[in-house]
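The values are calculated or read from the model by the stated rules, or taken from the named source; none is laboratory data. Note that the structure is predicted; figures quoted are calculated from it, not measured. Here the Cβ positions follow ideal geometry from the backbone for every residue, glycine too, while neighbour counts run over all protein chains shown.
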Amino acid sequence: MQLMSSHNSSSSTSEGQVKTVARQFSQAASRYNQIAEIQQVIAQHALKKLRFCASGKLLDIGCGTGRHTAELVAKGISAVGVDIAPGMIDYARTQYPHIHFFVADACTLPFADGSFSQVFSSMALQWSHSPTQALAEIYRVLQPAGRAVLAIMVDGSFAELDDARARCGLPITTNPQLSQGCWITAAKTAGFTQVHSRQQAFTDHFDHILPLLRSIKSVGAGALTHKVNGNKSLSRQDLAALNGNYHRISFKDEEVLPLTYQVLQLRLEK
């Protein structure tokens, strides 16, 4: 596996957004495994679609704390991990010193062409500033007949929260996500010969709006990549109204508040 020097992002705005996301996830590194329960469920679902063979090398993009990279290595797969968050990579290196981890952006992977037989990524590529560039990079680093298994958060995620906020007259503060179609188009543009896709909902549940909001912020996903007019901390009155609306307008007799992640599962072959 040959490392290359990475090049700059396409614009200063994109660089700033990536740095914001990286900083938030770095701050969450030490506690991420304990609080990212739904992310773990999504990742395990995607991992089942990988080919478990000892030959070849696998790249884990958005490896976070490295636990999935380590899980693959324990099964005999030669794997390396990359993440945009230096704090995540520092944590991964400490926990798994026998595995190679690198700070890198999916849009500027520091590897030579054809370095990997497989690429895996779960709940990370939605932070890329360009889906076309990210999938082109995955295509580039894959060997001929190489395979990518990707789980990507797409539009429609957190719809319950957005609806409740809108009905309370509060600004929508969740990050806008791309559609399934955008990612499929990007995969085909990158040159993948086979593109298999499926969108699936994964839902977490909470007994109150506060732990629900904290679940988003505490894993680093609260980093905003767009400006929100009137974005400020919620008052007690805001929280009470939001909690009440969440229960009443969407879920009626439900005792818990659902938070749904819409996830695109892509299986790509070069």
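Counting only residues that are modelled with pLDDT of 80 or more and assigned to a loop (DSSP other than H, G, I, E, B), which one in segment 224-270 is surrounded by the most Cβ atoms within 10 Å (Cβ to Cβ)? Residue satisfying both the conditions and the ranking: Lys270. The set of residues from segment 173-203 being among the small types (Gly, Ala, Ser) and outside any loop (DSSP other than H, G, I, E, B) comprises Gly181, Ala186, Ala187, Ala190, Ser197, Ala201.
For Phe111, indicate whether it is in contact with a Pro (Cβ under 7 Å, 6 or more places away or on another chain), farther than 25 Å from Thr260 by Cβ and surrounded by fewer than 22 Cβ atoms within 10 Å (Cβ to Cβ). For Phe111, the condition - in contact with a Pro (Cβ under 7 Å, 6 or more places away or on another chain), farther than 25 Å from Thr260 by Cβ and surrounded by fewer than 22 Cβ atoms within 10 Å (Cβ to Cβ) - is not met. Note on segment 68-79: residues that are touching a Phe, Trp or Tyr at 6+ places or on another chain (Cβ under 9 Å) and either surrounded by 21 or more Cβ atoms within 10 Å (Cβ to Cβ) or assigned to a helix (DSSP H, G or I) (or both) amount to 7. Of all residue pairs spaced 6 or more apart or on separate chains, those with beta-carbon atoms under 6 Å, a first member in segment 75-96 that is of a type outside the set (A, V, I, L, M) and a second member that is assigned to a helix (DSSP H, G or I) are Gly81/Thr69; Asp83/Ile89; Pro86/Ser26; Gly87/Ser26; Gly87/Ala29; Tyr91/Ala29; Tyr96/Ala70.
No other residue among Thr189, Thr185, Thr193, Thr173 is modelled with pLDDT of 90 or more, more than 17 Å from Ala46 (Cβ to Cβ) and touching a Lys or Arg at 6+ places or on another chain (Cβ under 8 Å) apart from Thr193. When segment 150-164 is filtered for residues that are closer than 20 Å to Leu268 by Cα and either more than 13 Å from the chain's Cα centre (by Cα) or among the hydroxyl-bearing types (Ser, Thr, Tyr) (or both), nothing remains.
So Met123 ticks every box in (1) in contact with a helix residue (DSSP H, G or I) (Cβ under 7 Å, 6 or more places away or on another chain); (2) in contact (Cβ under 8 Å) with a residue 40 or more places away in the chain; (3) at negative phi; (4) not basic (Lys, Arg) but one. Which box is left unticked? With respect to (1) in contact with a helix residue (DSSP H, G or I) (Cβ under 7 Å, 6 or more places away or on another chain); (2) in contact (Cβ under 8 Å) with a residue 40 or more places away in the chain; (3) at negative phi; (4) not basic (Lys, Arg), Met123 is out only on (3).
Do you know which residues across segment 31-55 are under 22 Å from Gly146 (Cβ atoms) and either surrounded by 15 or more Cβ atoms within 10 Å (Cβ to Cβ) or hydrophobic (A, V, I, L, M, F, W, C) (or both)? Listed by number, the residues that qualify are Ala43, His45, Ala46, Leu47, Lys49, Leu50, Phe52, Cys53, Ala54.
Pairing residues of segment 164-189 that are of a type in the set (D, E, K, R) with residues that are modelled with pLDDT under 95 and part of a helix (DSSP H, G or I), at Cβ distances under 8 Å and at least 6 apart in sequence or on separate chains, gives Arg165/Leu242; Arg167/Asn245; Arg167/Ile249. When you check Ile152 against the structure, is it buried (at least 16 other Cβ atoms within 10 Å of the Cβ), assigned to a helix (DSSP H, G or I) and at pLDDT 95 or above, yes or no? No: the conditions fail for Ile152. Scanning segment 47-67 for residues that are farther than 17 Å from Leu142 by Cβ and not in a loop (DSSP other than H, G, I, E, B) yields Leu47, Arg67.
Checking each residue in segment 81-99 for being touching a helix residue (DSSP H, G or I) at 6+ places or on another chain (Cβ under 9 Å), outside any helix (DSSP H, G or I) and surrounded by fewer than 22 Cβ atoms within 10 Å (Cβ to Cβ) picks out Tyr96, His98, Ile99.
Identify all residues within segment 157-172 that are out of contact with any helix residue (DSSP H, G or I) (no Cβ under 8 Å at 6 or more places or on another chain) and not in a helix (DSSP H, G or I); write none if there are none. The answer is Ser157, Gly169.
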